[in-house]
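Below is one structure, written out as structure tokens; comments come after it.
The values are calculated or read from the model by the stated rules, or taken from the named source; none is laboratory data. For clarity, every value in this text was computed on a predicted model and none was experimentally measured. Glycine gets a Cβ as well: all are built from the backbone with ideal geometry, and neighbour counts include every protein chain shown.
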Amino acid sequence: MICLTRVVRGGERLQLERPARSPAPLAPPPAVEAPVDVDAGLTLRAKPRRAAWEAAAEGGDYAVALARAEAEGFSSLCDSLRADELLLLGDTARLGLKPALAEQGYGALRRRFPRSRQASTAAFMLGKVASAAGRHAAAASWFTQYLTEFSDGALAREALGRLMESSLAAGNQPAARAAARDYLERFPEGPHAPLARSLGTP
């Protein structure tokens, strides 16, 4: 309220009250856009749930995982999964004792992601599949491929040792000795060192 003083007849002073003006309404705040999930393609959406076969595989139940992957469509998975998922799919088939499917999964990974770390790992795994099937020359070729693509990779020591074993099993003594020589130079205390020394390498 605002007080006003008014002089009336007889010198009497009267105080009048006048209501103050109402403040002007505040402008509404500017609209704020909702945060955008860039990784979701500029739209907000829930992350997809883990596929049933992946959950089983990560739990170590490879038979169940493989059955679920086949029910979902193994070939379609090979054509649609990311590199890391394809590697898991190949491992699932290999550990689920389906070598043909393992080769299909690893092969799809190498075809679709040829320069990736996962593709090099798939070459090593293809060597293991071939070795388990008694195809030692093919196994040696795959281990060589891994070492060519990823010579300092985490599996290099095992790949070189398995190359030595596969070459011996395939009857390729020169290749076995060459692998043994490389092995002793790089991993003189590795688990395959006794085999390498038994081949007569210096």
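Below, the figures for the structure above:
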| item | result |
| --- | --- |
| Residue in segment 134-157 that is modelled with the lowest pLDDT, counting only those that are of a type in the set (D, E, K, R) and over 20 Å from P99 (Cα atoms) | D152 |
| Matching entry among D61, D84 (being surrounded by 10 or more Cβ atoms within 10 Å (Cβ to Cβ), under 21 Å from F124 (Cβ atoms) and at pLDDT 90 or above) | D84 |
| Residue that is within 30 Å of A63 (Cα to Cα) and touching a Cys at 6+ places or on another chain (Cβ under 9 Å), where the choices are L126, L95, L109 | L109 |
| Entirely in segment 92-174, the helices (runs of 4 or more DSSP H) that have 1 or more residues that are buried (at least 21 other Cβ atoms within 10 Å of the Cβ) and touching a Lys or Arg at 6+ places or on another chain (Cβ under 6 Å) | 99-112, 117-132, 136-149 |
| Residue that is surrounded by the most Cβ atoms within 10 Å (Cβ to Cβ), among those in segment 175-187 that are of a type in the set (A, V, I, L, M, F, W, C) and assigned to a helix (DSSP H, G or I) | A179 |
